[in-house]
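Structure record follows, encoded as structure tokens.
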Amino acid sequence: MKLYEHQAKQVFSKHGIRVPQGKVAHSPAEVAEIAEKLPGDEVVLKSQVLVGGRGKAGGIAIVKKSEAAEKSKDLFGMEIKGLKVEKLLVEEKLDIQKEMYVGMTLDRENKGIVLLASSVGGMDIEEIAAKHPDKIGRKTVNPVWGLWDYQVRELLYDAGIPKEYFRDVFGIVKRLYSIFVRYEAELTEINPLVVTPTGVYAADGRLNIDDNALYRQKEVAEFKEYAGSELEKEAESKGINYVKLEGNIGVIANGAGMSMATMDLIYLEGGKPANFLDIGGGASADLVKASIDLITRDPSVKVIFVNIFGGITRCDVVAEGLVKAFSEIEMQLPVVLRLAGTNEEEGRRIIEEYMEKNPNKLVLVKTMEEGAKKAVELGGG
Ligand code: GDP
Ligand code: MN
């Protein structure tokens, strides 16, 4: 997971690396409000998109405070390498005297963490390496031993970091390394690391976290911004694999393949699925209920098609979940149900028993083809 610059800087700052004052804005009005509170006459507007080279692409502007809101309109809605700019980091303008570079990444070949530093910065590391090979330092750290002070000194010496900034940069590299380890990063970078009259600051920040570690990196997982709708966000929090689509037939199936096949059949019958929803293998009754609840809250849904092929998933458990859902959620929609596979008879019995007591709009079918046809007929079309 890649953190946005403003998020990376938040982490840096929390761990003692100095960053410029600033906040994120989502609208020109917010830009004005934030700019007002920052020191100086000018502020920097920085597009928050997850690609590098924003400066060159015109995604960064240094503007007078009084013009910040107006100028921000050019940045909002701009596209950088195909990504829409939806938020801007509004920062105090630093008085930059020198730009440097520090970064680190996993080095799988050497089974270590490779640290890079340079006394020139602002351009990407490949360019620094090509143009200033004599001003780059490189050190591979054994993560078991950790980072030794002498290694940092050698790194900065090789990078040609001037001695007046040595102490500050030394501290920053040490802190950055502990962030890298603590947050289980794959990559982190400060480019440029800048010298100003008031000290050394991280003027930019990158921090990419190993996706496989997110489950235990709670603090980072909170940074996650959902591109999707509220329903998708809620589905994810409940462990339901849900994607909203254009149509009006709500679909619940088990397994990605089964879900896709169900959607194909709906298209084949002339209907359009309202969503992709995979309850996965071995789904609990509660998960089935939560899925029904989710789908019924999508106003475009006119009928629900539940298509379960029990393998690990047991039909009786699914049936229990459905009965639970129908008795607790006020169901207005017709539901087409196909249950096959493990504990099919038991599942059908539970459903039929429910249908006897509650003659509603539930339709039990035998095959998925039949189910798709019925769903389209009942309101999908
Ligand atoms: P990137 O192009 O996506 O890597 O964005 P950066 O955050 O690295 O910004 C690009 C360049 O904008 C930097 O190298 C600086 O030269 C300049 N810049 C960014 N912030 C400031 C600032 O506060 N003051 C000044 N003078 N320049 C800045
Ligand atoms: Mn940069």
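The values are calculated or read from the model by the stated rules, or taken from the named source; none is laboratory data. Just so you know, these numbers come straight off a predicted model, no measurement behind them. Heads up, the Cβs are rebuilt from the backbone with ideal geometry, glycines too, and the neighbour counts pull from every protein chain shown.
Things to note:
- For the stretch 28-53, a residue qualifies if it is surrounded by 15 or more Cβ atoms within 10 Å (Cβ to Cβ) and away from ligand 2 (no atom under 16 Å from the Cβ), and the qualifying residues are Pro28, Glu30, Val31, Ala32, Glu33, Ile34, Ala35, Leu38, Glu42, Val43.
- Residue match in the stretch 182-190 (condition: surrounded by fewer than 22 Cβ atoms within 10 Å (Cβ to Cβ), touching a Leu at 6+ places or on another chain (Cβ under 9 Å) and either part of a helix (DSSP H, G or I) or β-branched (Val, Ile, Thr) (or both)): no
- Taking the stretch 15-132 as the region of interest, none of the strands (runs of 3 or more DSSP E) fully inside it holds 3 or more residues being in contact (Cβ under 8 Å) with a residue 12 or more places away in the chain, in contact with a Ser or Thr (Cβ under 6 Å, 6 or more places away or on another chain) and within 16 Å of ligand 1 (Cβ to nearest atom).
- Being within 16 Å of ligand 1 (Cβ to nearest atom), surrounded by 12 or more Cβ atoms within 10 Å (Cβ to Cβ) and at negative phi is a condition met by no residue of the stretch 141-150.
- Every condition in (1) within 12 Å of ligand 1 (Cβ to nearest atom); (2) within 23 Å of Asp298 (Cα to Cα) holds for Thr196 except the one numbered (2).
- Wholly within the stretch 282-369, helices (runs of 4 or more DSSP H) carrying at least 2 residues that are in contact (Cβ under 8 Å) with a residue 24 or more places away in the chain and of a type in the set (Ser, Thr, Tyr): 285-296
- Considering only residues in the stretch 197-225 that are more than 23 Å from Ser47 (Cα to Cα) and small (Gly, Ala, Ser), the one that is nearest to ligand 2 (Cβ to nearest atom) turns out to be Gly199.
- Of the listed requirements (1) farther than 30 Å from Pro334 by Cβ; (2) in contact with a strand residue (DSSP E or B) (Cβ under 6 Å, 6 or more places away or on another chain), Val243 misses just one: (1).
- Filter pass, Tyr183 being assigned by TED's automatic domain parsing to the domain that holds Ile136 and within 16 Å of ligand 2 (Cβ to nearest atom): no
- Filter result (over 14 Å from Val181 (Cα atoms), within 16 Å of ligand 2 (Cβ to nearest atom) and not β-branched (Val, Ile, Thr)) within the stretch 99-118: Glu99, Met100, Tyr101, Leu116, Ala117, Ser118
- Test for Gly112: is it in contact with a Pro (Cβ under 6 Å, 6 or more places away or on another chain), buried (at least 16 other Cβ atoms within 10 Å of the Cβ) and farther than 30 Å from Ser27 by Cβ: no
- Among the residues of the stretch 205-222, just one is part of a loop (DSSP other than H, G, I, E, B) and of a type in the set (S, T, N, Q), namely Gln217.
- Any hit, the stretch 364-371, residues being under 20 Å from Thr262 (Cα atoms) and under 34 Å from the mean Cα position of the chain (by Cα): no
- Residues of the stretch 137-169 classified as of a type in the set (A, V, I, L, M), over 19 Å from Ala203 (Cα atoms) and not in a helix (DSSP H, G or I), total: 3
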